[in-house]
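Below is one structure, written out as structure tokens, with a few remarks after it.
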Amino acid sequence: MTITEDRATRIKTSIGLGNLYQPIDVDFTANIEVEERRNIKFTNVKYNGNQELVDLGKSLIYHVNNLLDLDKFALENTQLRVDRLRVGKDNITFYGIAKIEQFPSGVKKK
């Protein structure tokens, strides 16, 4: 993953699918945005390659966007929120909060 001059992210990778011996190259550029303080999304996606590669890229983006819901990563009695993000020249910084209602009490005894 690299960050472009206009602060978009470019993801260029090879993916192995099933029993195929030759990996498939996927290449797309997208912006990263925060939605409702809890969803991190790739938006304004520009795909490179033939239609098969574009379709694979669209499928990946769809699944990654559904996966990046912070509520799916929160532990019991916690809440994660991102107020904003900043895409720098060579990094991405997330600003937000973590609410912790109760710390785990330790290892449960049998």
Tell me, ASP25, ASP69 in order of fewest to most beta-carbon neighbours within 10 Å?
-> ASP25, ASP69
Labelled set (1) 10.5; (2) 7.8; (3) 6.3; mean projected area of the Cα convex hull in nm² computed from this model equals the value at (1)
10 Å Cβ shell holding at most 13 others, DSSP loop, GluC sites (Glu not before Pro): longest site-free stretch of the chain = 37-75
Quote the relative contact order of the chain in percent (integer), defining contacts as alpha-carbon pairs under 8 Å separated by 6+ residues.
-> 21
Quick one: if you stick a label point 7 Å off each Cα along the C-beta vector at ARG10 and ALA98, how many nm between them?
-> 3.4
Label-to-label distance, nm, for residues given as LYS89 and ASN19 (7 Å Cα→Cβ offset) | 5.0
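Readers should treat all values here as calculations from the given coordinates under stated rules, not as data from a laboratory. Here the structure is a predicted model, which is why all the values come from computation and not from measurement. Cβ atoms come from the backbone with ideal geometry, glycine included; neighbour counts cover every protein chain shown.
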